[in-house]
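The values are calculated or read from the model by the stated rules, or taken from the named source; none is laboratory data. Note that the coordinates shown come from a computational prediction; the quantities given were computed from them, not determined experimentally. With ideal geometry, Cβ positions are generated from the backbone for all residues, glycine too; neighbour counts draw on all protein chains shown. Keep in mind that these areas ignore ligands, DNA and RNA; they rest on the heavy atoms of the full protein, side chains included. Shrake-Rupley method; radii C 1.70, N 1.55, O 1.52, S 1.80 Å.
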Amino acid sequence: MARKYLGGSGNALTVWISVAASTVLIFYGYDQGVFGNVLIGQDFLETMGMPSTALQGNMTSVYNLGCFFGALSTIITGDILGRPRQLLVGSTIIAVGGIIQAASYGVPQMIVGRIIAGAGTGMNTATAGVWQAETSKMRSRGKLVIIQMANCIGGFSLSNWLTLGFSFASGSVAWRFPLAFQVFFTALVWCMCPFLPDSPRLLIRKGKYDEAYEVLAALEGNGATVSSPVVKTQFNIIKDVLDREHINTYTWWQLLSGKGPYGVLRRMILGAWMQGMNQVSGVNVTSYYMSYVFIHALGVSELRARILAAAGSVDYFIFACLAYFVIERYGRRSVMMCSAAACCTCWVIITIALALTERDPGNSYRYGSVAVTFFFVFFASFGMGVLGVPWLYPTEINALAMRTKGASLAMATNWICNYMVAEVTPSGIANLGWRFWIIWAVLCFSFIPATFFFYPETANRSLEDIDRFFETKPGILIHRNKLATQLQRPAIYEEADMAIQEKEKNEELAGIPGKGHDGSVDVEMEMVEDLVSR
């Protein structure tokens, strides 16, 4: 097993999967940051025929339309191809789009390249987090997805520094090389993904039990084999939850109209809107247009704007890494609400500073310095929570059999909101001035009550625990439900796992065949269902 998966098993294999998934997110972060810095280059603008502000917004935002349709496509292709192969397809498509962009001599060609690259990015972002979550242990799942997001910001920072360096080059190489550099990440993905395992949960859902046992044993490590009790228990817990859900026997219309298993539609909405929060927080005003904002909202020079943007991306990266230390310790709910409150405060102060700059131009440098400072504080605040939690949550909250589809819809929501933000930002800055920033303050504040009242905690739960929680048919408002809000793993879930293990031991002692590779004999779940429904 170890030789099969890049020589890794146990924690080493988990690290390899994390590196591969993180490379995909570095790819995404780089793509997100590179075009905003290309957009302000004089040679680029001249090559594109000096596009208007609206056309610049269109060139930037069509990328997100490509991402939207790419993410939606994984509803169909995600389970068929599996996680690693889907990432290979998405990364290859991005490379094709990057080459078209780097070779562009006009707006139409650039738009085509942006849409194609976006389609690949949408596929990748809908897949990487699910793959990571479905192959991680309960206690490390959140941290590993946070590492992915930190790497995403690392890619974003790389794009800022690379474009800053190439801004000193003459001619079109200043923008063509940064766009062409996307191919490098595709090469890295191809060096890893063909040699790494698919999600064992997906393999079980597809009936590939032998392969699922093999992957579970490899992920367990410590010499575990397909016959090890711990591997059999993990297999049985996953399959028992799938058997009880029976989601595959329902049509899409039945699931979406609430006639399927309880909570499927609600869980998809929770995951999708959590991703929506990530995008309407205002972060992509700065991700796509950081240099543009500094030039047009604060009036600084192009070179200073590029330097500030590059420095801001480092600040962003540092605090995205620090989120690793809080995501499991304080849970998804608390981290999300505290981060949203800090982001809201930053936007309020930025709004006030820019309003004072407009009313008192003589002190514009002083007020502008305050605004820049709180842009940096915003990056720190966002990186600590609103960055990572929305990417992690849809991979956890959706029903086991619907995780691919739920994550795809969540990412589609992410990208359509992303498109809206990228489309309105240039015009919003030009036409609304300081009032433009009020929008993001209000939206960030709204995340606090939404998370408090509607979102159950997913930290310190196995993915199967979350399925069990929704089997209890909780009400829409969960803030008074201790099972939903406590940080520690609820004892009834531990009892449910122990019940399955005890059942297996009793069946072995009695000589009764358990649920083996062919899944022909089901483990009875009455005791577990009783525990969960207390």
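The figures follow:
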| item | result |
| --- | --- |
| Modelled label reach - SER227, point 7 Å along Cα→Cβ, the stretch 469-507 residues with backbone N closer than 20 Å | 504-507 |
| Principal-axis tilt of helix 107-134 within the chain, Cα atoms, nearest 10 degrees | 30 |
| Probe 1.4 Å, protein heavy atoms only - accessible area per residue of the chain in square angstrom | 37 |
| Estimated distance in nm for a label pair at ALA355 and PHE168, the labels positioned 7 Å out from Cα along Cα-to-Cβ | 4.2 |
| Share of Cα-Cα pairs in the chain lying beyond 35 Å, as whole percent | 35 |
| In degrees, nearest ten, helix 364-383 long axis to first principal axis of the chain (Cα) | 10 |
| Using θ = phi - 60° and Karplus 6.51 cos²θ - 1.76 cosθ + 1.60, couplings along the stretch 51-65 (whole Hz; Gly, Pro as x) | x, 5, 4, 5, 5, 4, x, 5, 4, 6, 7, 5, 3, 6, 5 |
| Reachable lysines, given that their alpha-carbon falls under 30 Å from the alpha-carbon of LYS505 and they are not under 8 places away in the same chain | LYS137, LYS206, LYS208, LYS232, LYS239, LYS515 |
| On Cα atoms only, tilt of 11-38 relative to the major axis of the chain in degrees | 20 |
| For the stretch 287-341, diffusion coefficient by Stokes-Einstein and Kirkwood Rh (Cα), 37 °C, 0.692 mPa s, µm²/s | 253 |
| Probe 1.4 Å - accessible area at LYS482, Å² to nearest ten | 150 |
| Percent carbon-and-sulfur accessible area, the chain, ignoring ligands, DNA and RNA, probe 1.4 Å | 65 |
| Around TYR393: net Lys/Arg minus Asp/Glu count, Cβ-Cβ under 13 Å | +4 |
| Inter-label distance, nm, simple model (7 Å from Cα along the C-beta direction), HIS479/GLU211 | 4.6 |
